[in-house]
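Every number in this text was worked out from the coordinates using simple rules, so none of it is lab data. Keep in mind the model is a prediction, meaning the values are calculated, not measured. Please note: Cβ atoms are built from the backbone with ideal geometry, for glycine as well, and neighbour counts cover all protein chains shown.
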Amino acid sequence: MKRTVLRKVLVGVAVALVGIQLVPVQRSNPPADGAMALPAGEVGEILTSACMDCHSHETVWPWYAGVAPVKFLVAKHVNDGRRNLNFSTWATQELSRRDHKLEEIVEVVKSGEMPEGSYTWLHPEARLTDAQRYALTAWAEAERVRMSAPDTAAAVPADSVADPMPDSAGAAGAGDGGRAERD
Ligand code: HEC
């Protein structure tokens, strides 16, 4: 009697595990229209290897992200991550929001909250050393200062700030474009 019950339970679990695979989950990488120009060098590498999977539209979906029930968890992390901080829509976001996000980056990287433990467990390359945490937070702080300066709101790699001869090509020619449209 007991055996038949156990067998029924096991069969039920097996059927459920197979059935759950059929439940669809959103796992897409939408276009990265407002992607941040990632800083060159170490910080860009840290962002790419430790943050972008959950905070951009350039997610590298691992094979287990296709297997239920794990796929629901992975999709939730990515969706929540993108909603909170998205480097793929960065340039389209309000300056004040970007500033706030950089402030949060400093906080969560210093506290060790990010990258998430469940992620670094499976992605050892995303575990940050103290030096990497320092580099990342120093960049975020410098980026806040740079963004608060007038006329520098456009995404420019952080390391060009100290450039003694800033490239002014982008500003040239802005004067003639509008004329034709004037009524
Ligand atoms: C495994 C996915 C994942 C990775 C990798 C990841 N994050 Fe997150 N991150 C999340 C999720 C999910 C949230 C939303 C958490 C919440 O709602 O409480 C979040 C929230 C945040 C926030 C907002 C915090 C707040 O107070 O609202 C910041 C800033 C952040 N992450 C920065 C980073 C940085 C920087 C990295 C890389 C060093 C990183 N994250 C790596 C998933 C991730």
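Test of the criteria: in the stretch 1-76, which trypsin sites (Lys or Arg not before Pro) are in a DSSP loop and have at most 15 other Cβ atoms within 10 angstrom of their Cβ?
Listed in order of number, the matching sites are 27.
Hey, which lysines would be in cross-link range of residue 76, C-alpha to C-alpha under 27 Å, not counting anything within fewer than 8 residues on its own chain?
The qualifying lysines are 101, 110.
Just rank 55, 77, fewest to most, by other beta-carbon atoms within 10 angstrom.
77, 55
Could you tally the net charge around residue 72, taking each other residue with its Cβ under 15 Å from the Cβ of residue 72, Lys/Arg +1 and Asp/Glu -1?
Summing Lys/Arg as +1 and Asp/Glu as -1 gives +2.
Work out from phi, with θ = phi - 60° and the Karplus expression 6.51 cos²θ - 1.76 cosθ + 1.60, the ³J(HN,Hα) of each residue of the stretch 91-103, listed in order in whole Hz, and give x for Gly and Pro.
Running phi through 6.51 cos²θ - 1.76 cosθ + 1.60 with θ = phi - 60° gives 5, 8, 8, 3, 4, 5, 5, 4, 4, 5, 5, 5, 4 Hz.
Using the Karplus curve 6.51 cos²θ - 1.76 cosθ + 1.60 with θ = phi - 60°, what ³J(HN,Hα) values do you get for each residue of the stretch 68-75, in whole Hz, with x for Gly and Pro?
These are the phi-based 3J(HN,Hα) values: 6, x, 4, 4, 5, 5, 4, 4 Hz.
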